[in-house]
Amino acid sequence: MMDYEVLKVIWWVLIGVLLIGFAITDGFDMGAGALMPFVGKTDTERRIALNVLAPHWDGNQVWFITAGGAIFAAWPVVYSVAFSGFYWAMLLVLFALFFRPVGFEYRSKIKDPRWRSAWDWGIFAGSSIPALVFGVAFGNLLQGVPFKLDSLMYSTYTGNFFQLLNPFAILCGVVSVAMLMLHGGNYLHLRTEGAVADRARKYAGIAGVVSIVGFILAGLWLNFGIDGYVITKMGDPNAALNVLDKTVEVKSGAWFANYEAVPALWLAPILGILCTLLSVLLGLKGRAGLAFVLSSLACAGVIFTAGGSMFPFVMPSSLDPASSLTMWDVVSSHKTMGIMFAVACIFVPIILLYTTWCYYKMWGKVNAQHIENNPVGSY
């Protein structure tokens, strides 16, 4: 079996890959859902947008569920502390997500304009609120979460839901929403024609500009206005560690220390900014396919920037820095991680294969004729 230390790093990478996979796949249907009321001016146009994203949303959710399951199995302490601290935020995400499947399935069942309009805005809320909350969560992680652990690993959280909505976290939430709207707009542009594609291209461009400006502002704010965390003493990473058996200092500019130690990490924020910019420019020129590929890379760059800045921290504690959770000391047992790695090697490729097959079989432009020819079968 691999060294415990190597497995810890592998699972940090794998969870990062799952989160990036979630942002790229479920991210475009969230972004498209948030744009749906704006790209479709008539009922048929909104059904065109709906029929682009509805056949794939549940398959895309596999990445979300898998990422949650992987965090539960690989980082159980993170799972328990995060659910305690972010309980109301997670409930908000859960209830917002309810609007999507119900809206997809029932929105077009009744020909009442008020019924359909209500579900259009329900899908908008179900798509934009989770995107906002995920960004807000990252913003709070970068500032530190007010919790501490006692000697029995019981977690005490002293914050509340409204404290999560601080200015920096809201900025991160705006970046998240804008990034996914760019991605979703590119997908709508790629899969539709005519007025819907034109509006999707326009809104994707606006979202891309907001995403770039917000991402740069967040980076400057993080560097000059928010202290980071650094481990000053810790046991052998190749052993099972107690979370409290380390010392952590809060230092100005500490979130950029990894970039000084490994300059190659700068590729992540460069990827996030450059790919977003190129995605906007190519989208405006009508190169929807390339724009979508670049917005996918931009999502990866932005998420890896946050992960690379915080490494090895997963959930820093602003209340008691020594209680901060890192990828070295919150992991499951050596044997559990080894078994999980073998399972991941088998099932992740299967997920990729069947997801690719689904897109291959259902690929093609969706237009008004498609809706008119399938008035009942279409969403």
It is to be established whether one or more residues within the stretch 135-151 are β-branched (Val, Ile, Thr) and within 30 Å of Phe224 (Cβ to Cβ). yes
Across (1) open to solvent by less than 10 Å² (accessible area, probe 1.4 Å); (2) without any contact (Cβ under 8 Å) to a residue 60 or more places away in the chain, Gly208 clears everything bar (2)
From the residues in the stretch 219-258 that are open to solvent by less than 30 Å² (accessible area, probe 1.4 Å) and of a type in the set (Gly, Ala, Ser), which one is nearest to Val175 (Cα to Cα)? Gly219
Hey, any hits in the stretch 313-326 for a residue that's out of contact with any Pro (no Cβ under 6 Å at 6 or more places or on another chain), among the aromatic types (Phe, Trp, Tyr), surrounded by fewer than 20 Cβ atoms within 10 Å (Cβ to Cβ) and over 22 Å from Val177 (Cβ atoms)? no
Residue count, the stretch 110-159, condition part of a helix (DSSP H, G or I), within 30 Å of Val175 (Cβ to Cβ) and not aliphatic (A, V, I, L, M), comes to 16
Confirm whether Ala261 is of a type in the set (Gly, Ala, Ser), more than 25 Å from the chain's Cα centre (by Cα) and either loosely packed, with under 15 Cβ neighbours inside 10 Å or farther than 22 Å from Gly33 by Cα (or both). yes
Can you find a residue that is surrounded by 15 or more Cβ atoms within 10 Å (Cβ to Cβ) and small (Gly, Ala, Ser) anywhere in the stretch 158-168? yes
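I need the full set of residues from the stretch 310-361 which are in a helix (DSSP H, G or I) and within 15 Å of Ala82 (Cβ to Cβ), in order please. Can you show your working first?
So in the stretch 310-361, the residues in a helix (DSSP H, G or I) come out as 310, 321-323, 334-361.
Scanning the stretch 310-361 gives Met310, Ser323.
Among the listed residues Gly283, Gly307, Gly235, which satisfies the condition of being in a loop (DSSP other than H, G, I, E, B) and among the small types (Gly, Ala, Ser)? Working first, answer last.
Working: Gly283 fails: in a loop (DSSP other than H, G, I, E, B); Gly307 fails: in a loop (DSSP other than H, G, I, E, B).
So the residue among Gly283, Gly307, Gly235 that is in a loop (DSSP other than H, G, I, E, B) and among the small types (Gly, Ala, Ser) is Gly235.
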Condition test on Thr158, is it touching a Pro at 6+ places or on another chain (Cβ under 6 Å) and closer than 23 Å to Val250 by Cα? yes
Being part of a helix (DSSP H, G or I), open to solvent by 20 Å² or more (accessible area, probe 1.4 Å) and closer than 19 Å to Leu35 by Cβ is the requirement here; does Val177 meet it? yes
Could you check how many residues of the stretch 362-376 are surrounded by 14 or more Cβ atoms within 10 Å (Cβ to Cβ) and in a helix (DSSP H, G or I)? 3
Among (1) more than 16 Å from Asp245 (Cβ to Cβ); (2) of a type outside the set (Val, Ile, Thr); (3) at pLDDT below 95, which single condition is Ala298 missing? (3)
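For (1) touching a Leu at 6+ places or on another chain (Cβ under 9 Å); (2) in contact (Cβ under 8 Å) with a residue 12 or more places away in the chain; (3) among the basic types (Lys, Arg), each residue gets a yes or a no:
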position	(1), (2), (3)
Glu193	no, yes, no
Arg199	yes, yes, yes
Ile212	yes, yes, no
Ile216	no, yes, no
Asp227	no, yes, no
Lys251	no, yes, yes
Ala261	no, no, no
Cys275	yes, yes, no
Gly289	yes, yes, no
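Select from the stretch 238-258 the residues that are within 28 Å of the chain's Cα centre (by Cα), over 28 Å from Gly338 (Cα atoms) and either outside any loop (DSSP other than H, G, I, E, B) or of a type in the set (Val, Ile, Thr) (or both) and list them in ascending order. Before the answer, list the steps.
First, the residues of the stretch 238-258 that are within 28 Å of the chain's Cα centre (by Cα): 243, 248, 250-258.
Checking which are over 28 Å from Gly338 (Cα atoms) leaves us with 248, 250-257.
Passing the criteria: Val248, Val250, Lys251, Ser252, Ala254, Trp255, Phe256, Ala257.
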Matching residues in the stretch 268-295 - criterion: being open to solvent by less than 20 Å² (accessible area, probe 1.4 Å) and either under 11 Å from Leu182 (Cα atoms) or of a type in the set (Asp, Glu) (or both): Thr276, Ser279, Val280, Gly283, Ala291, Ser295
Looking at Leu35, Leu53, can you tell me which residue is among the hydrophobic types (A, V, I, L, M, F, W, C), modelled with pLDDT under 90 and under 21 Å from the mean Cα position of the chain (by Cα)? Leu53
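The values are calculated or read from the model by the stated rules, or taken from the named source; none is laboratory data. Fair warning: this is a prediction, and the values are worked out from it, not measured in the lab. A quick note on method: Cβ atoms are made from the backbone with ideal geometry, for glycine too, and the neighbour counts reach across all protein chains shown. Ligands, DNA and RNA are stripped out before the accessible areas are found, and what is left, the full protein with its side chains, is counted by its heavy atoms. Shrake-Rupley method; radii C 1.70, N 1.55, O 1.52, S 1.80 Å.
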